[in-house]
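The values are calculated or read from the model by the stated rules, or taken from the named source; none is laboratory data. The shown structure was predicted, so the numbers you read here are calculated from the model rather than taken from an experiment. In this analysis, Cβ positions are derived from the backbone assuming ideal geometry, glycine residues included, and neighbour counts consider all displayed protein chains. In case anyone asks, the SASA skips ligands and DNA or RNA and just uses the protein heavy atoms, side chains included. Shrake-Rupley method; radii C 1.70, N 1.55, O 1.52, S 1.80 Å.
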Amino acid sequence: MQCFVRQSSERVALAALVIGSVCVYTACGSGEAGKLDAGADAPAAPPDTAPPDIVPLHACPSALPSPAVLDGGLLPSRRPAGALPSLAAALSPGALPATDVVFTIDTSQGVWPISQDIYGMNSPFPDQTVDATLRATSLRLGGNRWSAYNWENNASNAGKDWQFQNDGYLSASDAPGDAVRFALGDAHAMGGGAVLTVPIGDYVSADKAPGGDVRGDGGTDYLATRFRKNVARKGAPPSDPPDVRDDSVYQDEFVAWAKGCAGTMSLAFCLDNEPGLWKETHPEIHPAAVTYDELCQRTVTFATGIKAAWPAAPVLGFVSYGWNGYTTLQNAPDAKSKGDFIEYFLAQMQIAEANAGRRLVDYLDLHWYPEARGGGARIVFDAAPTGAASLAAYEDARLQAPRSLWDSTYEEASWIIGNLQAPINLIPRIQQKIAAHYPGTKLSFTEWNYGGGGDITGAIATADVLGILGRERVAMAHIWPLSTHEPFTAAGFRVFRNYDGRSGEFGDVGIPAGNTDPVNTSVYASLSSSDPRHVVVVAINKKSDATVTAGIRLAHPASFGSARVYLLAGTAAEIVAGPGLAALDVNAFSYAMPPRSVSVLVFDGGGTAPGIDGGVSIDGSAGGPLDGGGGDDGPGPRG
């Protein structure tokens, strides 16, 4: 028996990408400092013998008991499906004094289910612990490295992100799926689900050594010597373990293995990662620009394989990197003749469903890193400007940027506006395309981040985006870490998932929340399907130099006499309990929001539960649950 251990800190220099305590590790430096030890690989098995018995470094969740309570007494992050309550008539709120802004929260205007799958995050890498206090509902294994991942032995290649090198960065073990087991185990330990990446290119890595650019090592025939063919369907029953002696890696076999490994966990599958950028990120396996028809065909081929192996497994495609990918597939050769790519893709997937007799792609999956600029810098990826006026403009641009997700009147400062000559209005724009070209397709954003992880503007933007995702009925989302330390991003996430440190969370049912000043403030309201008297409101003041007093009118069947307050503001990335509120009249409150702050207001009504009659099932998302159950910057994950 041969057992493998992970690379030690002496063999790979590492730097942590952190959201809170969630670490994603990347190798630092260049040359030998960033290479893996070739000596860690097992000798190839002779062709006429079975491969050695490899001991995995991680256990499958199917072998582990389900957690009832997490460390620290936290509740599991994913909740059982609830029911959309049918509510009695709302009480009319009483009078309010004059205030700077009025928030009108009104259950009589119709409530809706909020998908718990919008609170996902991209997974840390092996041996790094997920911060359970974030209570993420799903972990995604994604990024450029997974485009060439060989699940049979855990070899991978990050392409341009790290020297075009085949290596064992994801796992030093050759046990099938070991690089996936760790994430499944982390998700299981916090009571969450997972999203896995299925490569859809022609090749995946065959080996983990020697290091360096595979194109220089293997000569003109490197694809035959350093890679294996990537095949959607085996055409035979899956093997466990897979046969590592053939020249192919079968993705339907991977899906079947993942299903068995996950047990009762919720899983979904992304079709590769940002294929519109393959020519730039992975020229070692796809040197030509991908075309519209090629990507649609690959999508159909691999989605068919996934559904054959696991019919209920949700499939996400086309996993686009950003605006130019949405519109032209990164200036694809056939873009001019075929028009907008999202529209083309959706129409082709509808045809594919008709041909297959079942839906193949469940989610239109996009990535979104805002292009908005202020003070001469982009709010993500660019360094913050140093001058006071430029810095103020930069921070204000971040605070306003979430409006481009929904506001049909707002025009940010970005090249996209120059291209469109109109507001971005992103989520409604995409939803209109879905309605016109493939109704019933869910919308997901499996990578997003608004920057500012080191200051309060990052917390405000993160909380604002999470509120928008829920209000606009987005079905799934996963935040991606941008830097080595993002405590305010984590705090903004906790606003919705763990505001009190005891699993206090935004509800799973949305309530309409009117706002008389959406430029300087934001407000989001919810109730709990299990107790509609429990109302949670998130209120945001974007102003840097002024307290904003909000009048809050809460039209709801229950009577509320008080509210608990939790506050995130200033220079500490902590949510703290604040002075409570008392009603000024029937369901009428006044609240002074500190400058640049996020507040959580918790209302618990008295009396019996108002008008619950069973309602309509909430199944975890607006259209269904997870029921299938980015240079040489280091070898780690890149979007």
### Filter result (modelled with pLDDT under 95 and crowded, with 24+ Cβ neighbours inside 10 Å) within the range 481-499
481, 486
### Query
What pairs come up if the first residue lies in the range 295-310 and is closer than 15 Å to residue 238 by Cα, the second is of a type in the set (Lys, Arg) and open to solvent by 30 Å² or more (accessible area, probe 1.4 Å), and their beta carbons are under 8 Å apart, counting only those six or more places apart or on different chains?
305/233; 307/358; 308/233; 309/259; 310/259
### Task
Determine if the range 172-185 includes at least one residue that is open to solvent by 10 Å² or more (accessible area, probe 1.4 Å), assigned to a loop (DSSP other than H, G, I, E, B) and in contact with a strand residue (DSSP E or B) (Cβ under 6 Å, 6 or more places away or on another chain).
yes
### So residue 419, is it open to solvent by 10 Å² or more (accessible area, probe 1.4 Å) and under 26 Å from residue 323 (Cα atoms)
yes
### Query
Of the residues that make up the range 137-160, is at least one surrounded by fewer than 20 Cβ atoms within 10 Å (Cβ to Cβ) and out of contact with any strand residue (DSSP E or B) (no Cβ under 8 Å at 6 or more places or on another chain)?
yes
### Query
List the pairs whose first member sits in the range 514-541 and is open to solvent by less than 40 Å² (accessible area, probe 1.4 Å), whose second member is among the acidic types (Asp, Glu) and modelled with pLDDT of 95 or more, and whose Cβ atoms are under 7 Å apart, counting only residues at least 6 apart or on separate chains?
522/464; 528/508; 529/508; 540/464
### Task
For the range 200-217, indicate whether the set of residues that are acidic (Asp, Glu), crowded, with 18+ Cβ neighbours inside 10 Å and in contact with an Asp or Glu (Cβ under 8 Å, 6 or more places away or on another chain) is non-empty.
yes
### Message
Scan the range 543-550 and tell me whether some residue there is among the polar types (S, T, N, Q) and open to solvent by less than 10 Å² (accessible area, probe 1.4 Å).
### Response
no
### Message
Here is a list: 309, 289. Which entry is in contact with a Phe, Trp or Tyr (Cβ under 9 Å, 6 or more places away or on another chain), crowded, with 20+ Cβ neighbours inside 10 Å and of a type in the set (Gly, Ala, Ser)?
### Response
309
### Message
Looking only at the range 109-121, how many residues end up being surrounded by 16 or more Cβ atoms within 10 Å (Cβ to Cβ) and in a loop (DSSP other than H, G, I, E, B)?
### Response
4
## Note on the structure
Result of the Cβ filter at 8 Å on the range 354-373, keeping first residues that are within 11 Å of residue 450 (Cα to Cα) and partners that are open to solvent by 50 Å² or more (accessible area, probe 1.4 Å), at least 6 apart or interchain, is 369/381; 371/415; 372/413
### Query
Would you pick out the residues in the range 483-536 that are out of contact with any Gly (no Cβ under 8 Å at 6 or more places or on another chain), of a type in the set (Ser, Thr, Tyr) and outside any loop (DSSP other than H, G, I, E, B)?
521
### Query
Filter the range 49-108 for residues that are in contact with a Lys or Arg (Cβ under 6 Å, 6 or more places away or on another chain) and either modelled with pLDDT of 95 or more or open to solvent by 60 Å² or more (accessible area, probe 1.4 Å) (or both); which is farthest from residue 550 (Cα to Cα)?
93
### Task
Scan the strands (runs of 3 or more DSSP E) fully inside the range 225-326 and keep the ones with 2 or more residues being in contact with a Cys (Cβ under 9 Å, 6 or more places away or on another chain).
315-320
### Every residue from the range 443-465 that is in a helix (DSSP H, G or I) and either open to solvent by 10 Å² or more (accessible area, probe 1.4 Å) or of a type outside the set (Val, Ile, Thr) (or both)
456, 458, 459, 461, 463, 464
